[in-house]
1. Along the positive direction of the dipole of the chain (beta-carbon charges: Lys, Arg +1; Asp, Glu -1; about the Cα centre), which of Val75, Phe170, Ala122 reaches farthest?
2. Using the structure shown, select from Lys76/Lys107; Lys116/Lys217; Lys55/Lys79; Lys157/Lys220 the pairs with a Cα to Cα distance greater than 19 angstrom.
3. How many nm is it between the label spots at Leu431 and Glu52, if each spot is 7 Å from the Cα in line with the beta carbon?
4. To the nearest 20 debye, what is the magnitude of the charge dipole of segment 184-343 about its Cα centre, counting +1 on the Cβ of each Lys and Arg and -1 on the Cβ of each Asp and Glu?
5. When the label point is put 7 Å from the Cα of Arg24 along its Cα-to-beta-carbon vector, which residues of segment 61-86 have a backbone N closer than 16 Å?
6. What FRET efficiency would be calculated for the residue pair Ala163, Gln125, taking the C-beta separation as r and a Förster radius of 25 Å, to the nearest 0.05?
7. Let me have the 222 nm mean residue ellipticity of the chain computed from DSSP H runs of 4+ only, each contributing -39500 (n - 2.57), with the sum over all residues rounded to the nearest 500.
8. Sorted by average packing, counted as other Cβ atoms within 10 angstrom per residue and highest first, what order do 364-374, 403-413, 292-302, 12-22 take?
Amino acid sequence: MNILLIGSGGREHAFAWKIAQSNRCTQLFVAPGNPGTSGLGKTLQLSITDFEGIKTACIQQKIDMIVVGPEEPLVKGLKDFLQDHKETKSILFVGPGKDGAILEGSKDFSKDFMSKFGIPTAAYQTFTKDDLNEGLKFISAQDPPIVLKADGLAAGKGVLICANHEEAKFQLGEMLLQEKFGEASSKVVIEEFLTGIELSVFVATDGEDYVILPEAKDYKRIGEEDTGPNTGGMGAVSPVPFADESFMKKVQERIVRPTIDGLKSEGIDYRGFLFIGIMNKDGDPYVIEYNVRMGDPETQAVLPRIKSDFVELLERMANKTLKDYKLLVNGFVSTTVVMVAGGYPDSYEKGKPIEGLDSAVQDDGVSIVFHAGTKAGAQGQVLTNGGRVLGITGQGATLQAALSNTYERVDKIHWESVNFRRDIGQDILKLGLEASQKP
Ligand code: AMP
Ligand code: GLY
């Protein structure tokens with residue numbers, strides 16, 4: 001089948017790498033892709049929200065299945081748009097329609113959804129500028145730290161963890177009155193702070209049945225030992241030792257099953273990935289957020305662990321045949337380190353030549369280079385073109401071995417003012433919970 005993949009980050013490079021391995025894929029197209037995906041599929045120069053352009057490309061290239069990486073086209077209704085046109089109506093589509101994507105598109109909606117279906121999450125209340133005073137009173141009644149969340153999409157920046165009441169009150173005013181995050185913060189969810197260890201759980205569903213993909217731990221802060229501002233993710237590890245059978249059973253019973261059943265009972269035919277950000281609080285799972293896509297950089301660590309034919313999984317999600325499907329997982333440990341531009345997540349420079357990239361050997365058997373913010377330079381060299389530039393994934397029989405393969409590759413690559421964390425996975429090693437092979 002001909003497959004069109006939408007997106008241009010490290011997650012999409014990992015998708016392309018996995019899709020290209022399947023003999024069910026005749027031709028892969030990536031829109032708009034990056035220099036890493038260009039060796040795996042045909043690049044289509046289209047914006048991810050150019051719905052008309054995507055529709056035309058689907059017809060011209062005889063696309064059989066579309067796979068969407070990022071949330072934005074989903075929240076804006078790409079699936080609904082294509083299903084409204086007779087030429088593109090029957091194309092298989094991996095990703096929810098607008099009705100399902102609102103789980104990520106509106107924090108207020110997702111909190112109401114969890115409360116309706118009894119899914120454990122932090123206590124919360126939602127406010128708009130018309131009830132700012134109630135919001136301020138609500139803040140006074142909470143124990144700090146206090147979590148403020150812009151209701152809508154805010155490029156991963158819409159969550160503020162405020163250390164005290166004064167800061168929370170100030171930020172609530174900034175969000176509601178000064179439109180700190182634009183329209184996205186016209187509603188603000190204020191919620192209880194949950195203490196614990198975070199885990200990223202990935203569900204592949206056809207709206208009826210589901211499979212849980214290998215879980216991952218993400219390293220969100222820019223600085224080592226989890227210091228400094230939040231980023232899109234500086235690294236990932238899979239598997240996660242505390243996500244053992246008994247914890248994952250709780251996740252399935254209390255969170256995944258009620259979520260899938262809840263979507264169904266709301267009449268939402270959700271066929272796609274659902275990424276559930278979970279807090280493990282004293283051994284009990286709570287939902288921090290839903291995302292209607294895979295995580296980045298978690299995907300770069302998780303996909304190499306999938307042994308099954310990935311295109312078959314995607315097809316089953318899209319054509320509702322996941323019942324009785326068994327996903328096969330590789331036993332090794334996989335770790336990803338994200339190499340970023342100096343200055344990220346604030347301002348940074350682009351256009352730096354990257355040294356040490358052997359474009360012919362992206363995957364050398366123990367490590368893989370996934371591109372994100374890169375572009376091809378005039379003389380065939382690769383230049384930095386974003387804050388998150390590369391994701392390096394290594395694998396090994398133990399966490400230590402995976403990390404050593406990852407950093408060995410990282411250390412071969414360099415550009416002016418490159419930055420990355422040296423401590424990915426170290427918290428797990430320190431806990432003495434060495435992530436060796438899991439069945
Ligand atoms: P989000 O953008 O929703 O992923 O939130 C960003 C990060 O803020 C999460 O990954 C958590 O580390 C943190 N966070 C969000 N909500 C809470 C909460 N209720 N308690 C503690 N930390 C939170
Ligand atoms: N790594 C977190 C995310 O993709 O949202």
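1. Going by the charge dipole, the pick is Val75.
2. Numbers: Lys76/Lys107 16 Å; Lys116/Lys217 28 Å; Lys55/Lys79 11 Å; Lys157/Lys220 12 Å.
The answer is Lys116/Lys217.
3. A separation of 5.1 nm, rounded to one decimal place.
4. Values: 18 positive and 26 negative charges, 50 e Å.
My answer is approximately 240 debye.
5. 64-68
6. Values: r = 20 Å, r/R0 = 0.80.
Plugging the Cβ-Cβ distance into 1/(1 + (r/R0)^6) gives 0.80.
7. Numbers: 14 runs with 116 residues, N = 439.
That calculation yields -7000 deg cm²/dmol at 222 nm.
8. Values: 364-374: 22.7, 403-413: 18.5, 292-302: 28.0, 12-22: 24.7.
Per-residue mean Cβ counts within 10 Å order the peptides as 292-302, 12-22, 364-374, 403-413.
Quick note: the coordinates plus some simple rules give every number you see, no bench work behind them. It should be emphasised that the depicted structure is a prediction, and the values quoted were computed from it without experimental measurement. For neighbour counting, all protein chains shown are included, and Cβ atoms are generated from backbone atoms with ideal geometry for every residue, glycine included.
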